[in-house]
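Accompanying notes for the structure given below.
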Amino acid sequence: MSGVSPEIHLLSDEDLKSVFETVIHNSPDGVITVDSEGIIVFSNPAADRMFGYTSLEGKRVDLLVPESLRDDLNAKMREYRMEGKHELAGRLFETTSLRSDGTEFPVEMSLNPARTSGGLFLTSIIRDISERRKMGAEIHRREEQFRDLFENANDMIQAVDPEGRFVYVNRAWMETLGYTEDDLENLTLFDVIHPDKLDECHEIFRRVMSGESISLVETAFITKDGEKIFVEGNVNVRMRNGEVEYSRAIFRDVTERVKFQRELERLASIVESSGDAIVSYDLDGTIIDWNRGAERIYGYSAEEARGQNVSMLMDEEEFERLRNLISEVRSGKLVSNFEARRLRKDGEEIWVSISLSPLRDVNGEIIGVSTIARDITEIKRTQEALRASEEKYRKIVEKFIQNALALISEINR
């Protein structure tokens, strides 16, 4: 019937004794009891196995400790006999024990004194912590390995709590940014973010602290000296009990790469905006690059030209001249202001002044030719017109002189 407490059956003293004996007998921990003289009067099977004896009962307890600890043990037992108390009573502590074969091993134990009609007794509950020590040592070893790995990594590693304070930074982080451990006590993450990137990083930090992992972050830090450092990396968080404990990030300094990319972009912009035709091709003449100047001068778009052979711009005679020049360039020579005839897409023949230089790969090997060509067709036409004009006036002058000489000859007759 609801509301009525069930009847409680209390155990008799005999039942309790039976329960306790069963628990002690089957306990995985060793249990021993010694009298005030240090003689073991009880040991459970786990204690016998732990110390390597068939039975510990009747043996002196100092057999279970290394010789270096026996004087201290006996002193504490004398104190217990005289005062009826033990300084380690009720405490859990770690010490070293001795097996029957002479090997030492670490134990965790507690001492429980008891005064009975039969005298003073001490009961110890003993746990072999050899495996725990090994595991602890292995964990410590691995922690040292990881710390060594982090501290000697070339990448910048940082951990930041939800308030933006630094939990950990590695050596590379401090060396790259120039801050010291003392500086970190007064810094937050946002103190080392470059002002150009602050708004962006506040948003990234908000996302990360909500539990999001970001696989690619590109941002910029500011060094202690005020220098801007470009970095890229990834950020995620460590969670504990459903809450963010800290964010962890690995960044790589890409400042030189960013500067190099920007320089390439600047040079590419110069190449693209140049009025000259800038064309590169491999040693067989297959076109690799073709700028806007080449589109304007030759009439082919970059899409039409790339992958074609440069011979499409000339007749066989000119191509043979070019092959000879490519042989010179292949040997590392430069060719400057070489004048040549070329054919536009619409069939018009034009004159260009070309400079050729070797195109090298990352290993310095010559893999092609880079050319800069300037349209000199109008200059050539002007020069031709001047030559024609000079020739015309030369003939007029010569005719005039001939006529004058003939007249003078007639007069002198």
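Taking Cα atoms, how many degrees apart are the long axis of helix 130-151 and the longest axis of the chain, rounded to 10 and kept between 0 and 90? Orientation of helix 130-151: about 20 degrees from the principal axis.
For region 125-251, the per residue solvent-accessible surface stands at 61 Å², with DNA, RNA and ligands left out and a 1.4 Å probe.
Think of each Lys and Arg Cβ as +1 and each Asp and Glu Cβ as -1; about the Cα centre, that makes the dipole of the chain roughly 1340 debye.
Filter 59/85; 197/224; 76/134 down to the pairs with a C-alpha to C-alpha distance above 25 Å, please. Beyond 25 Å: 76/134. Mean projected area of the Cα convex hull of region 42-112, taken over all directions, amounts to 4.9 nm². Using a Gaussian network model of the chain in which every pair of alpha carbons under 10 angstrom is joined by a spring, one finds that among 21, 151, 108 the greatest mean-square fluctuation is at 21. The Cα-based radius of gyration and maximum Cα-Cα distance (Dmax) for region 168-225 are 12.2, 33 Å. Modelled spin labels at residue 331 and residue 100, positioned 7 Å past Cα toward Cβ, are 9.4 nm from each other.
For residue 368, nonlocal amide neighbours, meaning residues 5 or more places apart or on other chains whose placed amide H falls under 5 Å from its own, are 359.
Taking max minus min of the alpha-carbon positions on each principal axis, the chain gives extents of 177, 60, 47 Å, largest first. Put simply, the convex hull of the Cα atoms in region 76-187 casts, on average, a shadow of 13.2 nm².
Note on region 96-153: percent of Cα-Cα distances in each 10 Å bin, starting at 0 and stopping at the bin with the largest distance, equals 19, 27, 24, 17, 9, 4, 1.
Taking Cα atoms, how many degrees apart are the long axis of helix 377-411 and the longest axis of the chain, rounded to 10 and kept between 0 and 90? For 377-411 against the chain, the angle is about 20 degrees. On the principal axes of its alpha-carbon atoms, region 17-144 has extents of 54, 35, 28 Å, going from largest to smallest.
A Förster radius of 35 Å, combined with the Cβ-Cβ distance separating residue 344 from residue 255, puts the computed FRET efficiency at roughly 0.20.
Within the same chain, aspartates and glutamates fewer than 8 places from residue 345 are excluded, and of the rest, those with a Cα less than 15 Å from its Cα are 295, 303, 304, 315, 375. Tell me, what % of the accessible area of region 94-178 is carbon and sulfur with a 1.4 angstrom probe? That share works out to 51 percent.
Counting only alpha carbon atoms, the long axis of helix 198-209 and the longest principal axis of the chain meet at about 40°. For residue 283 and residue 240, the FRET efficiency from 1/(1 + (r/R0)^6), where r spans their Cβ atoms and R0 equals 51 Å, is about 0.25.
Given H placed 1.01 Å from N in the peptide plane, which residues other than close sequence neighbours of residue 193 have an amide H under 5 Å from its amide H? The answer is 222. Each peptide in 281-294, 115-128 gets a packing score, the mean of other Cβ atoms within 10 Å over its residues, and the list from highest to lowest is 281-294, 115-128. Magnitude of the charge dipole for region 37-157, about its Cα centre and with charges confined to Cβ atoms of Lys, Arg (+1) and Asp, Glu (-1), is about 540 debye.
The values are calculated or read from the model by the stated rules, or taken from the named source; none is laboratory data. Everything numeric here is computed off the predicted structure, so don't read it as measured data. Heads up, the Cβs are rebuilt from the backbone with ideal geometry, glycines too, and the neighbour counts pull from every protein chain shown. Keep in mind that these areas ignore ligands, DNA and RNA; they rest on the heavy atoms of the full protein, side chains included. Shrake-Rupley method; radii C 1.70, N 1.55, O 1.52, S 1.80 Å.
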